[in-house]
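Below is one structure, written out as structure tokens; comments come after it.
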Amino acid sequence: MMYGTDELPDIIRDYSKRGFGLVCMYARDVPDGHVLEVVMAGDGVERITARVDGTMYRSLTSEIPGASLYEREIYETSGIYPAGHPDMRPLRSRSTWGSLSGGDAIPHNDIFGDGIFEIPVGPIHAGVIGPGHFRFSVAGEPILMMKAYLGYSRRGVEKLMETPVSYDNAPIAERISGDNAVAHTLAHLQTVEQDTEIPERARFIRTMLAELERIYNHLGTMAGIALDTALAVPAAHGNMLRESILRLNEKICGHRQLWGILRAGGLSKDVSETVLAEIERELMRIKFDTEDLAGVMTRSPSFMDRAETTGRLSYEDAVRLRAVGPVARASGVNADVRKMRPYAAYDKVAFDVPICPSGDVYARMTVRKREIIESISVIIQCINEMKDGPICTDVKTKDGFYAGITESPRGETVHCAHIEGGRITRYKIRDASFPNWPALECAVIGNIVPDFPVVNKSFDLSYSGNDL
Amino acid sequence: MIDLVLSVIQAIMMIALAPLFAGILNKAKARMQHRAGSSIFQPYRDVAKLMRKSENISESSSWLFRFIPYVCFGSMLLLSLMTPFFSAYVAAPYGDLISMVYIFTLYRFMMVLGGLEGGSVFGGMGGSREMMMSVLIEPSLLLSLMALAGLTGGSTMIGDIPRELIGMGAIVLTPALVLAASSFFITLLAENSRVPFDNPATHLELTMVHEGMLIEYSGRGLGLMDLSSMMRLMIFSSMFCTMFFPWGIALTASPSAVLIGLASILIKVLLVTLAIALIESYLAKYRLFRLPNLLTASFALSLLAMISLYIL
């Protein structure tokens, strides 16, 4: 059903009342112009299509703040202008689409006064991290405003995905954000597998892989938070634990970040009983060591002083900006795709979704630590429930619109595919980092400049996933 | 004559050993983190490598930028001649504690200017943080040294202090000495940009204090600045070991006294180095605005040392 763009706010509000939330919005070319596609997810996934008259429509941002980023993205990629949008800064300043975003000129922050300085940082940083340009407006040390300008690692992944459905696009999906490979590939495979019945063993192993990915990402983040507060010994400890998971990963599929094992219809390789037994053994050790690690950090008064109340993201802001994943859960938002719309074998395992209300660096660390413990329990359940059986089946891909949504270590990951005549004609990816970057801009306000790195690390955002 | 020879030898030793103790500090930290760590001789190689490299200088800087590393290195050279190491003879006997404190201040001031000269924002941020700390370090450093001078009868001559402390025998172990030494140790950490004041190992340009000011330096300039900051740590450690706990130091030029002095100072400096490594492994870096509290504590300790001198 096709709507007009003016009807969109009302329709979206109706859906919101039924518990649906905006997860993605993009423009799509149709033979006689453009349509806006709005994807809402709640108990299920719903798509709202609206025709755009010409190249302009009335912006939704003033009524639905979560749409802001998508509208900027749509303007940069399709040239459709959202009239009345309050903040049309370039989104991916060096996007491959060039002049539409205004080239390389990055605007100054819109804040003036005596003693207010602007600090430009990046895109090249002193450490080995992704490329991003940040503009801080400061009065002394406290930050009054921070704006992130990303897009330096743009590769045009969405376009690369537009292939016949028979092509194996999993290798591309793995490379969207290398440390969230399993979550992205699973989301991609959902759009291809559609309602194909995946063998049970493959579903359990997929769940296990997704949770292993969560554990090593969260351990890396905990180590990073420790390192950024100069707590060197726990940082080394966390990295050692992360390394032991990476080595387990290598035993499972020959790749430390679990690339190459997922494929349409199931898995490319089975996991032997001896490896499963080793995973179980290792995880029990890692469980205790993780508790230890968190204990050492929590018992250090100098660390707690840095972590508590730093980089606070309020519940209201988290909801307004539609933050996802551990970041949202650390601000008290109860949202997890694994519970709301179970995929793989998440309907067959029992686990809790940890929530913390305080929204600071410590809350984000605690949520991650508790998720590690839950993930270990999920993996043990998977290993116990698993029976021998086939690991792969044939896939029949039908035409139409399909959305795949998974919970990556960073949060809700969305893939949308429009398939016509056995070919993907429009593919839209939304990494969990995309809606969380504005949440970071919001959380650092009022903090001091030297605390930004630790706040940033506690958000653990992906540059390549955001830039696509 | 022999005093002059001894003091020149000990100044050369302090310069030569400074990178070694920096290497030991890094190695100890690495071992505490279960890492193998780089060789304890790595700082020598780093400095040698930097000295051979050409400089890349910011376009917005003036002649001052190139000049500053030499001033910094020169001031550390001067201080190494003024500080007792294994013997109480110092080659610049006319320098006293107060001039020492202000040569450190000159060094810091020059480094801040260098940070501003480079024209990058991190130099400016590092400089402003350094100056904020400097304001608080200076009084507590001065006061702790004054307490020491008061303890030994009022002389601020560097060469006299170890001699008089030893001469006083066991009665010197007063609260004043311990309080002044604790205060001095906190300023040692602050002056040398160690955790919890600064993180010398950080890669995060936004949190840098000392490294932020050096961020535009390269090649020989960076080599000299690095060497100077290693020498500064060495000089501070030697001051801590020879002024507050001088026992073992050579008071005469006899070979046996020199040997005992050498052995004792090396062990004492090693202990200080390991203590710093332990602190850096155990503590997180403090929040920037929490640092004044710590420095105020240091000031309070030295003030108490001063008071206890007169009432006890």
task = May I ask you to verify whether residue B:289 is surrounded by fewer than 22 Cβ atoms within 10 Å (Cβ to Cβ), modelled with pLDDT under 90 and away from chain A (no Cβ under 14 Å)?
result = no
ask   = Quick one: would you say residue A:261 is away from chain B (no Cβ under 13 Å), in contact (Cβ under 8 Å) with a residue 40 or more places away in the chain and under 22 Å from the mean Cα position of the chain (by Cα)?
value = yes
query = Conditions: (1) in contact (Cβ under 8 Å) with a residue 12 or more places away in the chain; (2) within 14 Å of chain A (Cβ to nearest Cβ). Residue B:268 meets all but one. Number of the miss?
reply = (2)
note = For helices (runs of 4 or more DSSP H) lying entirely in segment B:94-182, having 3 or more residues that are within 15 Å of the chain's Cα centre (by Cα) picks out B:97-117, B:121-151
The listed residue being basic (Lys, Arg) and touching a Pro at 6+ places or on another chain (Cβ under 6 Å), out of A:214, A:175 = A:214
query = Going through segment A:127-147 one residue at a time, which ones are part of a loop (DSSP other than H, G, I, E, B) and within 12 Å of chain B (Cβ to nearest Cβ)?
reply = A:127, A:128, A:129, A:140, A:141
key: Checking residue B:39 against (1) buried (at least 19 other Cβ atoms within 10 Å of the Cβ); (2) away from every other protein chain (no Cβ under 14 Å); (3) within 30 Å of residue B:278 (Cα to Cα), the condition it does not meet   = (1)
task = Could you please find all residues in segment A:49-63 being buried (at least 22 other Cβ atoms within 10 Å of the Cβ) and within 22 Å of residue A:431 (Cα to Cα)?
result = A:60
message = For the structure I just gave you, tell me whether residue B:284 is buried (at least 23 other Cβ atoms within 10 Å of the Cβ), more than 20 Å from the chain's Cα centre (by Cα) and within 14 Å of another protein chain (Cβ to nearest Cβ).
response = yes
ask   = Restricting attention to segment A:123-139, which residues are out of contact with any Phe, Trp or Tyr (no Cβ under 6 Å at 6 or more places or on another chain) and surrounded by 14 or more Cβ atoms within 10 Å (Cβ to Cβ)?
value = A:125, A:126, A:129, A:134, A:135, A:136, A:137
task = Tell me which residues, restricted to segment A:289-313, are more than 12 Å from chain B (Cβ to nearest Cβ) and loosely packed, with under 15 Cβ neighbours inside 10 Å.
result = A:291, A:292, A:295
query = Among B:279, B:260, which is away from chain A (no Cβ under 14 Å) and either within 19 Å of the chain's Cα centre (by Cα) or not aromatic (Phe, Trp, Tyr) (or both)?
reply = B:260
task = For residue A:333, work out the one condition from (1) surrounded by fewer than 21 Cβ atoms within 10 Å (Cβ to Cβ); (2) in contact (Cβ under 8 Å) with a residue 60 or more places away in the chain; (3) part of a loop (DSSP other than H, G, I, E, B) it doesn't fulfil.
result = (2)
inquiry  = With the requirement that a residue be among the hydrophobic types (A, V, I, L, M, F, W, C) and within 11 Å of chain B (Cβ to nearest Cβ), what does segment A:224-244 give you?
reply    = A:225, A:226, A:227, A:230, A:231, A:232, A:233, A:235, A:236, A:240
query = Of all the residues that make up segment A:22-33, how many are part of a strand (DSSP E or B) and either buried (at least 20 other Cβ atoms within 10 Å of the Cβ) or at pLDDT below 85 (or both)?
reply = 7
request  = For residue A:44, indicate whether it is free of Cβ contacts under 8 Å to residues at least 60 places away in the same chain and either of a type outside the set (A, V, I, L, M, F, W, C) or at negative phi (or both).
outcome  = no
request  = Kindly establish whether residue B:158 is away from chain A (no Cβ under 14 Å), touching a Gly at 6+ places or on another chain (Cβ under 9 Å) and either within 30 Å of residue A:454 (Cα to Cα) or among the β-branched types (Val, Ile, Thr) (or both).
outcome  = yes
query = Just to be sure, is residue A:179 touching a Lys or Arg at 6+ places or on another chain (Cβ under 8 Å) and either within 18 Å of residue A:311 (Cβ to Cβ) or more than 14 Å from chain B (Cβ to nearest Cβ) (or both)?
reply = no
key: Count of segment B:186-217 residues which are in a loop (DSSP other than H, G, I, E, B) and within 14 Å of chain A (Cβ to nearest Cβ)   = 21
query = Which residue, of A:364, A:370, is in contact (Cβ under 8 Å) with a residue 24 or more places away in the chain, surrounded by 19 or more Cβ atoms within 10 Å (Cβ to Cβ) and within 24 Å of residue A:459 (Cβ to Cβ)?
reply = A:364
task = Quick one: which residue in A:122, A:156 is in contact (Cβ under 8 Å) with a residue 40 or more places away in the chain and at positive phi?
result = A:156
request  = Report yes if some residue within segment A:299-309 is at pLDDT below 90 and within 29 Å of residue A:186 (Cβ to Cβ); otherwise report no.
outcome  = no
Qualifying residues in segment B:62-92 (those that are farther than 11 Å from residue B:235 by Cα and hydroxyl-bearing (Ser, Thr, Tyr)) - the one modelled with the lowest pLDDT = B:89
ask   = Which ones in segment B:90-135 are touching a Pro at 6+ places or on another chain (Cβ under 9 Å) and within 14 Å of another protein chain (Cβ to nearest Cβ)?
value = B:121, B:125, B:129, B:132, B:133
query = Which of (1) within 14 Å of another protein chain (Cβ to nearest Cβ); (2) touching a Gly at 6+ places or on another chain (Cβ under 6 Å) is the odd one out, the single condition residue B:249 does not satisfy?
reply = (1)
message = Whether any residue in segment B:135-153 is modelled with pLDDT under 85 and among the charged types (D, E, K, R) is what I want to check.
response = no
query = So which residues in segment B:109-149 are without any contact (Cβ under 8 Å) to a residue 40 or more places away in the chain and charged (D, E, K, R), if there are any at all?
reply = B:138
ask   = Does residue B:28 fit the bill of being in contact with a helix residue (DSSP H, G or I) (Cβ under 9 Å, 6 or more places away or on another chain), crowded, with 16+ Cβ neighbours inside 10 Å and within 14 Å of chain A (Cβ to nearest Cβ)?
value = yes
inquiry  = Taking the conditions exactly as written (in contact with a Leu (Cβ under 9 Å, 6 or more places away or on another chain), outside the structural domain of residue A:279 (by TED's automatic domain parsing) and modelled with pLDDT under 90), does residue A:150 satisfy them or not?
reply    = yes
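The values are calculated or read from the model by the stated rules, or taken from the named source; none is laboratory data. Source: prediction; values computed, not measured. A quick note on method: Cβ atoms are made from the backbone with ideal geometry, for glycine too, and the neighbour counts reach across all protein chains shown.
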